[in-house]
Amino acid sequence: MIRSEVNLENSEVVKRAMDKFMKDAQTRGKPIIRTASEILYMEARRRVPVSKSGKKKGKWAHPPGTLRDSIEIGDVWTTPRGIFGAVGIKQNRYFTQAPHNIWYARWVEFGTKERIVKNWYGRKGVRHTAGAMPAQPFMRPALVKSRAKIRNTVRYRLQEELFRNDGDNT
């Protein structure tokens, strides 16, 4: 067996190139993660269930497609562990405030169990059994469906960035 080793510890050229790469990694990586987030965003919007009529009356009235329209691409941020992007419903710290508070999004995604509602419609002592709502997942299947496309896109864009000639031959 032939074995060869290369010691790059004292190579100034390699040190400078690695330092430059690490400084540029966060700047160059954010647009790549943003593109990956856009892929997931489009798939989630395609998969979300949309009611035909929405809810027309009452305190929680909303037009059809409100849940779909509340999906957005959040911030892209960096930590020492990596670069992260968010795609989801506009109601947490990574998103702007939604025009409607989409409080029911988690119920659509995960479903509900059968429950007893006390004081049904404000009537004291009246109990009503509300049936279970089956899950209609859209975010998790969107991630599963778009995972390979995201991986290939990130891989391709990273290769573009790594082998891009900046005109700097140091």
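The values are calculated or read from the model by the stated rules, or taken from the named source; none is laboratory data. As the structure is a prediction and not an experimental result, all values here were calculated from the model. All accessible areas refer to the heavy atoms of the entire protein, side chains included, with ligands and DNA or RNA removed. Shrake-Rupley method; radii C 1.70, N 1.55, O 1.52, S 1.80 Å.
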inquiry  = Using protein chains only and a probe of 1.4 angstrom, how many square angstrom of Ser37 are accessible, to the nearest 10?
reply    = 10
inquiry  = For a 31 Å ceiling on Cα separation, which of these pairs sit above it: Lys15/Lys149; Lys118/Lys145; Lys52/Lys145?
reply    = Lys15/Lys149; Lys118/Lys145
For His128, solvent-accessible area (1.4 Å; no DNA, RNA or ligand), Å² = 70
ask   = Once fully extended, how much extra length lies between Lys145 and Lys113, figured as 0.36 nm per residue of separation less the alpha-carbon to alpha-carbon distance?
value = 8.8 nm
